[in-house]
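**Student:** What follows is a structure written as structure tokens; I'll ask about it next.
The values are calculated or read from the model by the stated rules, or taken from the named source; none is laboratory data. The structure presented is a predicted model; accordingly, all values stated were derived computationally and were not measured. Quick reminder, even Gly has a Cβ in these numbers, built from the backbone with ideal geometry, and neighbours come from all protein chains shown.
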Amino acid sequence: MNYLLVNNLSKAYNEKVLFTDIQFAINKGDKIALVARNGAGKSTLLRILAGLEKPDSGQVTVNRDVRTAILFQDNDFNPNHTVSEALFDSPAPEMQALRAYEEALEDTAHPERVQAALERMDKLHAWDYEVRARQILSRLKIDHLTQPVSVLSGGQRRRIALARV
């Protein structure tokens with residue numbers, strides 16, 4: 001199964017050319033590494049592959065059954081959030097569906113929102129999303145979900161970011 005296909009990808013910033021006409025594919029079972037000197041464009045390439053940045057030319061094709069995410073070196077957690085709030089403040093479609101469902105339950109003036117939210121939860125198989133996320137946190141040794149993010153070590157914050165992805 002082909003997960004990702006890159007054709008003739010190029011990117012430059014002003015006069016600095018990061019890469020030109022690169023081509024590669026990532027298939028099921030592949031093990032890959034991205035190795036280059038600082039400033040060579042590794043992070044830029046990853047942002048392009050994740051759809052967060054546009055290339056100057058070329059095309060990235062991601063299999064429709066694959067969802068991309070990127071774990072940044074620095075996280076943007078709100079220091080006033082708890083671990084649980086930080087974890088579930090996610091752009092993941094399942095998390096957005098879960099939040100929409102919870103909001104719809106509280107909106108008694110618009111019962112049709114509940115039905116729409118139920119259908120989206122079913123479509124995304126999001127009913128056990130929170131349970132799976134908590135299991136991941138537990139495996140990463142993050143157990144105190146009511147603890148403020150501001151008191152966590154850098155390593156603990158990194159593990160929350162990893163669980164969120």
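**Student:** Kindly indicate whether Ala117 is buried (at least 17 other Cβ atoms within 10 Å of the Cβ), in a helix (DSSP H, G or I) and in contact with a Lys or Arg (Cβ under 8 Å, 6 or more places away or on another chain).
**Tutor:** Values: buried (at least 17 other Cβ atoms within 10 Å of the Cβ): yes; in a helix (DSSP H, G or I): yes; in contact with a Lys or Arg (Cβ under 8 Å, 6 or more places away or on another chain): no.
No; evaluated as a whole, the condition is false for this residue.
**Student:** Which residues, counting only those in the range 70-84, are assigned to a helix (DSSP H, G or I) and of a type outside the set (A, V, I, L, M)?
**Tutor:** Within the range 70-84, just Ser84 meets the criteria.
**Student:** Consider Asp56 carefully, then state whether it is among the acidic types (Asp, Glu), outside the structural domain of Arg159 (by TED's automatic domain parsing) and surrounded by fewer than 17 Cβ atoms within 10 Å (Cβ to Cβ). Even if it seems obvious, please write down each step before you answer.
**Tutor:** Working: among the acidic types (Asp, Glu): yes; outside the structural domain of Arg159 (by TED's automatic domain parsing): yes; surrounded by fewer than 17 Cβ atoms within 10 Å (Cβ to Cβ): yes.
So Asp56 fits the description; yes.
**Student:** Identify all residues within the range 4-52 that are surrounded by 13 or more Cβ atoms within 10 Å (Cβ to Cβ), free of Cβ contacts under 8 Å to residues at least 12 places away in the same chain and closer than 22 Å to Phe72 by Cα; write none if there are none.
**Tutor:** Lys42, Ser43
**Student:** In the range 101-114, which residue that is surrounded by 16 or more Cβ atoms within 10 Å (Cβ to Cβ) and not aliphatic (A, V, I, L, M) is nearest to Asp65 (Cα to Cα)?
**Tutor:** Result: Tyr101.
**Student:** Identify all residues within the range 59-83 that are without any contact (Cβ under 8 Å) to a residue 60 or more places away in the chain, loosely packed, with under 15 Cβ neighbours inside 10 Å and more than 17 Å from the chain's Cα centre (by Cα); write none if there are none.
**Tutor:** Within the range 59-83, Gln59, Thr61 qualify.
**Student:** Residues being under 15 Å from His81 (Cα atoms) and either basic (Lys, Arg) or in contact with a strand residue (DSSP E or B) (Cβ under 8 Å, 6 or more places away or on another chain) (or both): count how many of those fall in the range 135-156.
**Tutor:** 5
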